[in-house]
Structure formats: C-alpha cells, structure tokens
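Undergrad: The structure that follows is given in the form of structure tokens.
Please treat every number below as a calculation from the coordinates, not as lab data. Note that the structure is predicted; figures quoted are calculated from it, not measured. Glycine gets a Cβ as well: all are built from the backbone with ideal geometry, and neighbour counts include every protein chain shown.
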C-alpha cells in the first residue's frame with residue numbers, strides 16, 4: 001500500500017507500481033484507468049463548541065468568509081469542490097492553513113486557528129470532544145470516491161476481496177464487467 005496525492009496514485013497505477021488506486025480527485029481524468037464509484041460523501045464545517053457560527057440559522061458560504069478556514073490541501077478530499085463553490089458565488093475564502101489529513105485539521109480547529117472544512121465521515125462526536133459539526137453538503141455538493149484500475153489489468157483474488165470489502169456493491173462480476181467493457185461507466 002502506498003499513500004500519495006491523487007495524481008501520484010493514478011501514475012503509480014498506470015506504471016504498474018500499484019494495482020489499484022482509491023481517490024476522490026483526479027482519477028477520472030486518466031483515460032487509461034477504468035474507474036468505478038465506491039462511496040458518495042459530503043463535507044462538514046467543524047468549529048469549537050460554543051463558536052458563533054454554530055448559532056447561525058443557516059450555514060452559508062458568505063458566513064464562512066467571515067472566519068479563517070482550515071481545510072484540505074488543493075490535491076485532496078474534494079478541495080476542488082470547495083474552491084469552485086466559493087468561485088461560483090464570487091466569494092474569496094480566507095484559507096489560513098491546509099493539510100492532507102482531517103485529524104490535523106481538527107487539531108488546528110481545536111487550537112482556535114479557524115473553522116475546519118472536512119469530509120463529514122471524518123467527524124466523530126464521541127472522539128472529537130470539544131468540536132461540533134455542521135453539514136455542508138448543500139454548500140459544496142456531493143463527492144465520489146473512486147477506485148481505479150489499469151485497462152487490461154489482471155486482478156488477483158485478494159484484490160477482488162479487497163475491492164468488495166471496500167465497496168460491497170463492486171462484486172467480482174461488476175469489476176470483471178467493467179474491465180471487459182471498459183466503455184460503460186458504472187453508476188452508484
């Protein structure tokens with residue numbers, strides 16, 4: 001297993017250094033990869049408990065521009081959707097820090113360095129004591145995490161098992177159909 005940014009992961013898969021790629025960004029930009037959707041997810045805004053933004057009636061992009069923001073590095077976890085949402089609204093977010101990991105972002109928010117924008121699934125109210133989350137999918141849209149494989153690749157049994165464990169709807173039959181057809185896009 002290798003961890004990298006989505007571009008690195010795609011290139012490792014294309015070169016044969018990795019058999020599979022999993023990412024939210026960029027995989028669909030490589031025609032030599034067959035990509036299959038695994039999970040849909042949205043963002044959340046996190047704040048220290050008691051923060052003024054938690055008392056607002058409706059979370060909006062304009063309200064977020066009033067605060068320093070901590071979110072993902074531009075290559076990761078739906079950051080392109082965050083950027084596009086602010087651009088479409090002709091607003092400039094005050095991103096003061098960027099990280100590649102939600103736990104780092106939550107630490108910065110806990111230290112009072114800004115509001116965080118993270119994947120909603122990365123927030124656990126029992127573990128993230130002192131923080132609160134607001135759903136932000138209505139602001140940034142839904143993201144799709146994809147699995148990528150080289151066209152014409154041969155998968156071993158444990159790879160099929162891993163794929164089905166990671167995304168139960170991607171059975172061996174579904175993966176084989178995608179590898180054989182190559183042209184039809186699998187839908188969630």
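Undergrad: Give the value in nm², to one decimal: projected area of the alpha carbon convex hull of the chain, averaged over all directions.
TA: On the way: hull surface 45.8 nm².
Mean orientational projected area (the chain, Cα hull): 11.4 nm².
Undergrad: Still on this structure, please answer the following. When the helix-only estimate is applied to the chain (DSSP H runs of n ≥ 4, each -39,500 (n - 2.57), divided by the residue count), what is the mean residue ellipticity at 222 nm, nearest 500 deg cm²/dmol?
TA: Numbers: 7 runs with 57 residues, N = 188.
Result for the chain: -8000 deg cm²/dmol, rounded to the nearest 500.
Undergrad: Can you pull the semi-axes for region 111-185, root of five times each eigenvalue of the Cα gyration tensor, sorted largest first, whole Å?
TA: Numbers: eigenvalues 266, 46, 22 Å².
Square roots of five times the eigenvalues give 36, 15, 10 Å.
Undergrad: If you don't mind, another one. Grab the beta carbon distance between residue 162 and residue 110, set R0 = 30 Å, and tell me the FRET efficiency rounded to 0.05.
TA: On the way: r = 34 Å, r/R0 = 1.12.
Given R0 = 30 Å and the Cβ-Cβ separation, E is 0.35.
Undergrad: When the Kirkwood hydrodynamic radius is evaluated over all pairs of different C-alpha atoms of region 43-140, what value in angstrom, to one decimal, is obtained?
TA: On the way: mean 1/r = 0.0762 Å⁻¹.
About 13.1 Å, per the Kirkwood formula over Cα pairs.
Undergrad: Quick one: grab Rg to one decimal and Dmax as a whole number for region 1-105, Cα atoms only, in Å.
TA: 16.5, 50
Undergrad: For the chain, what relative contact order do you get, as a whole percent, if you take Cα pairs closer than 8 Å and at least 6 residues apart? Please list the in-between numbers first.
TA: Values: 319 pairs, mean separation 64.7, N = 188.
Value for the chain: 34 percent.
Undergrad: Compute the long axis of helix 172-181 from its Cα atoms, compare it with the longest principal axis of the Cα atoms of the chain, and write down the angle in degrees, 0 to 90, nearest 10.
TA: Between the helix axis and the principal axis of the chain, the angle is about 70 degrees.
Undergrad: Take the alpha carbon atoms of region 52-99, find their center, do the same for region 1-38, and report the distance between the two centers in whole angstrom.
TA: Result: 27 Å between the Cα centres.
Undergrad: So if I restrict to the alpha-carbon atoms in region 65-119, what is the Rg, and what is Dmax, the biggest pairwise distance, in Å?
TA: 10.6, 31
Undergrad: So how far apart, in nm, are the two label points at residue 55 and residue 1 if each is 7 Å from Cα heading toward Cβ?
TA: 4.3
Undergrad: Taking 0.36 nm per intervening residue step and subtracting the Cα-Cα distance, what contour gain separates residue 63 from residue 92 on full extension?
TA: Numbers: separation 29, 0.36 × 29 = 10.44 nm, distance 1.14 nm.
My answer for the length gained is 9.3 nm.
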